[in-house]
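The structure under discussion appears below in the form of structure tokens.
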Amino acid sequence: MADLLALSSRVIDSGVADEPVNRVTNELSELADGLAIVESFSHSVVLDAGEGLVAFDASHARTGADVVAAIQGWSTTPVSHLVYTHGHTDHVGGSPDFAAAFDRMTVVGHRNVEERFDRYNYTNDWNVRINARQFGGVRGDFGMGETGDFIPKTTLRPDHVVDDHDTVSVGDTAIELHHARGETDDHLWGWVPDRKWLFAGDFVIWNFPNAGNPQKVQRYPIEWAAALRAMAAQGPELLLPAHGLPIEGRDRITLVLTDIADALERLVAEVVEMMNGGEVLDTIVHSVHVPDDVLAKPYLRPLYDEPEFVVRNIWRQFGGWWDGAPSRLKPAPDAALAAEVAELAGGATVLIDRATQLCEIGDFRLACHLADLAGWAAPTDAGVHASRAAIYRTRRASETSLMAKGIFAGAARESEAVAG
């Protein structure tokens, strides 16, 4: 139905997002003749190529079956090609459900998808744990537990491997696939030149770009911006993202792609300029910002990732892991430093009481530093940890991004376990 396109046009044109733009309904909407989207976690965008359906992304293991059912309710034509925009679990985890429903299906993905799956298997428990923390502060109801398989063992691996670019022809439809690094090193975006349809994957997510996730591997903001500009140069008339609303209209799409690219390029330029000037990470993090009017745009709000995290990722990409503070090159254990500071201050209780005072006046950054020192200095003190948990719960409520909320909620849960 055209309702999704009308909604996205109104939100972009007005600059006001008064309705949710990232939705997980598992419902299918037809956007054009032979084109549909299933809004899920992530979406699956499906085009009818005559001789088969081509689905971009399989959604998550918990939603794949519902996505497949929605597609089958739309068309009796089987999915002949499943294209991974990239190998994140919310894009590939539903592939076993596709395999169960559609025989002789070709899976298309970048050559780095295979390496990603191998890495996920090697670090399975770590990835399960950090995803539970990332989403548990907001999306605990989604069922992100701390045990099990990060991606299903039966997740399909690509049998049509793309390198820099490729064209997949299904019936009379030619689908161009282009590789670019952005959120991942295995990302593809798709282009159907005859229809001017752009399949953007996670290059557009209706949030500030996920280019700084504090718990995940390197992101690539410069290449991300370049990919967005390459997309805009094609002159797309319909943009299909893997999260958020589809967008129609060449001018509107160009505006969105250009605004996102501008924001990323500005961050990179300012960070690198300060790095070249000899500044340390602490100074850069607290100096480089994205203007509030940019972050107010409905497709750039920092509700998932946020610019401060992207700044750190830019530093990591060009400057390594050391932040420039000599004492943190080979630091003492946190608990040893905390014990020393607590002794100088007069005990962990003094630290946590001051942390509580700072929290009450809204100085959450300093409050959490002192709360951590108190907790490390008194790891079994129920009173200290009850106060630490309260501080982190308060800070979580003040944050906008899902990633910050999740990590701060995780800290609160740690201390709540000690406090009983």
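Contact order for the chain, expressed relative to its length and based on alpha carbon pairs under 8 Å spaced 6+ residues apart, stands at 13 percent. A Cβ-based charge dipole, computed about the Cα centre of the chain with Lys and Arg at +1 and Asp and Glu at -1, lands at about 860 debye.
Counting Lys and Arg as +1 and Asp and Glu as -1 over every other residue whose Cβ lies under 13 Å from the Cβ of Val45, the net charge comes to -4. Pairs of Cα atoms nearer than 8 Å and 6+ residues apart set the relative contact order; for the stretch 317-420 it is 23 percent.
Backbone phi angles across the stretch 275-282, fed through the Karplus curve with coefficients 6.51, -1.76 and 1.60 (θ = phi - 60°), yield HN-Hα couplings of 4, 5, x, x, 6, 8, 4, 4 Hz in residue order; Gly and Pro are listed as x. Roughly speaking, what is the centre-to-centre gap between the stretch 296-369 and the stretch 230-273 when only Cα atoms are used, to the nearest Å? Cα centroid to Cα centroid, the span is 32 Å. Computed over protein heavy atoms with a 1.4 Å probe, the carbon and sulfur contribution to the accessible area of the stretch 1-137 reaches 46%. Under the convention that each Lys and Arg Cβ holds +1 and each Asp and Glu Cβ holds -1, the size of the dipole of the stretch 264-318 around its Cα centre is about 180 debye. Note on the chain: with a GNM built from Cα contacts shorter than 10 Å, the maximum mean-square fluctuation among Val68, Val79, Val294 falls on Val294. The heavy atoms of His165 offer some 120 square angstrom of accessible surface to a 1.4 angstrom probe. Among the lysines, which have Cα under 27 Å from the Cα of Lys153 when same-chain residues fewer than 8 positions away are ignored? Straight-line reach from Lys153, under 27 Å: Lys216. If you add up the charges near Arg10, with Lys and Arg at +1 and Asp and Glu at -1, over every other residue whose beta carbon is less than 13 angstrom from its beta carbon, what do you get? With Lys, Arg at +1 and Asp, Glu at -1, the net is -4. Out of Val268, Val38, Val290, any idea which swings most in a Gaussian network model of the chain, alpha carbons joined below 10 Å? Judging by the Gaussian network model, the answer is Val290.
Taking each DSSP H run with n ≥ 4 as -39500 (n - 2.57) and averaging over every residue of the chain yields -14500 deg cm²/dmol at 222 nm.
Computed over the Cα atoms of the chain, the ratio of the radius of gyration to the Kirkwood radius (Rg/Rh) comes to 1.01.
Which one of Ala58, Ala404, Ala336 has the biggest mean-square fluctuation once the chain is modelled by GNM with Cα springs under 10 Å? Between Ala58, Ala404, Ala336, it is Ala336 that shows the largest mean-square fluctuation. Ordering Ser95, Phe56, Ser14 by the projection of their Cα atoms onto the charge dipole of the stretch 1-108, which places +1 on the Cβ of Lys and Arg and -1 on the Cβ of Asp and Glu, puts Ser95 at the extreme positive end.
Accessible area per residue (1.4 Å probe, heavy atoms of protein chains only) ranks Asp282, Asp363 as Asp282, Asp363, with the largest value leading. Of the listed residues Ile407, Ile247, Ile361, the order by accessible area with a 1.4 Å probe, largest first, is Ile361, Ile407, Ile247. Atom-type composition of the exposed protein surface of the stretch 175-319 places 49 percent of the accessible area on carbon and sulfur (1.4 angstrom probe).
Per residue, the accessible area of the chain comes to 43 Å² when a 1.4 Å probe rolls over the protein heavy atoms.
Backbone geometry of the stretch 395-409 corresponds, through the Karplus equation with coefficients 6.51, -1.76 and 1.60 at θ = phi - 60°, to 3J(HN,Hα) couplings of 5, 3, 5, 8, 8, 9, 7, 4, 5, 5, 4, x, 5, 5, 5 Hz, x marking Gly and Pro. Name the residue from Phe41, Ala374, Pro78 whose Cα lies farthest towards the positive end of the charge dipole of the chain, charges +1 on Cβ of Lys and Arg and -1 on Cβ of Asp and Glu. Checking the options against the dipole of the chain, the answer is Ala374.
The values are calculated or read from the model by the stated rules, or taken from the named source; none is laboratory data. Fair warning: this is a prediction, and the values are worked out from it, not measured in the lab. Note that each Cβ is placed from the backbone with ideal geometry, even for glycine, and that neighbours are counted across all protein chains shown. When the accessible area is computed, the model is the full protein with side chains, heavy atoms only, and any ligands, DNA or RNA have been set aside. Shrake-Rupley method; radii C 1.70, N 1.55, O 1.52, S 1.80 Å.
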